[in-house]
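Quick note: the coordinates plus some simple rules give every number you see, no bench work behind them. Just so it is clear, the model here is predicted, and its values are computed rather than measured. Methodologically, a virtual Cβ is constructed for each residue, glycine included, from the backbone with ideal geometry; neighbour enumeration extends over all protein chains shown.
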Amino acid sequence: SDRKELDIAIGGMTCASCVNSIEGGMKKVEGIYNASVTLTTGRGRFVFNPKLITPEKIAEEVEDMGFDASVIG
Amino acid sequence: MASQTQEFFVDMTCEGCSGAVTRILEKQKANGVNSFQIDLPNKKVFIDSSLPVEDLLATLQKSKKEVKYIGPKA
């Protein structure tokens, strides 16, 4: 299927507005269907189309926004 | 072009947000950003750079936060 889920550990978030800007920003990235970020666990769950975007590119997009990102899987 | 300090409004609300802007600007130190200061309480960012304002705006907009150019610092 062209829908896969990915968990990324995101560092540097300290408030809800960081979470909102990551979720809002990532949802606009081509190939990403959904982005839900949890502040307490520091994890982002992304639903994406592997034909359009790769896990590494998703982590790169998060880092482009100024946060640390490492793919959990 | 001589380097100048440019003043921007960036809608940062907490350390996490200013931390993100800091990391974004740190990455730009290799190409044109000399130094920068972030004033979180007043939501201001001062960048000393020789780059055109458009480039600095594009860089700051990576944070996905609202960004406005105020002007060169007096």
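The table for this structure:
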{"read-out": "Enumerated strands (runs of 3 or more DSSP E) restricted to chain A, each holding at least 2 residues that are in contact with a Phe, Trp or Tyr (Cβ under 7 Å, 6 or more places away or on another chain) and within 11 Å of chain B (Cβ to nearest Cβ)", "value": "A:4-11"}
{"read-out": "Those residues of region B:43-74 which are among the acidic types (Asp, Glu) and either away from chain A (no Cβ under 14 Å) or in contact with a Pro (Cβ under 8 Å, 6 or more places away or on another chain) (or both), in sequence order", "value": "B:Asp48, B:Glu54, B:Asp55"}
{"read-out": "Residues being assigned to a loop (DSSP other than H, G, I, E, B) and within 16 Å of A:Asp64 (Cβ to Cβ) - total across region B:43-74", "value": "4"}
{"read-out": "Positions within region A:44-73 being touching a Ser or Thr at 6+ places or on another chain (Cβ under 9 Å) and either hydroxyl-bearing (Ser, Thr, Tyr) or under 10 Å from A:Met13 (Cβ atoms) (or both), in sequence order", "value": "A:Gly44"}
{"read-out": "Whichever residue in region B:27-42 is part of a helix (DSSP H, G or I) and within 13 Å of chain A (Cβ to nearest Cβ) and, among such residues, is surrounded by the fewest Cβ atoms within 10 Å (Cβ to Cβ)", "value": "B:Lys27"}
{"read-out": "Out of B:Lys73, B:Lys62, sole residue that is in contact with an Asp or Glu (Cβ under 9 Å, 6 or more places away or on another chain) and under 22 Å from A:Ile22 (Cα atoms)", "value": "B:Lys62"}
{"read-out": "Residue match in region B:6-26 (condition: assigned to a helix (DSSP H, G or I), more than 14 Å from chain A (Cβ to nearest Cβ), farther than 15 Å from A:Ser21 by Cα and not β-branched (Val, Ile, Thr))", "value": "no"}
{"read-out": "Candidate set: region B:1-26, residues that are charged (D, E, K, R) and out of contact with any Cys (no Cβ under 9 Å at 6 or more places or on another chain); chosen: the one surrounded by the fewest Cβ atoms within 10 Å (Cβ to Cβ)", "value": "B:Glu26"}
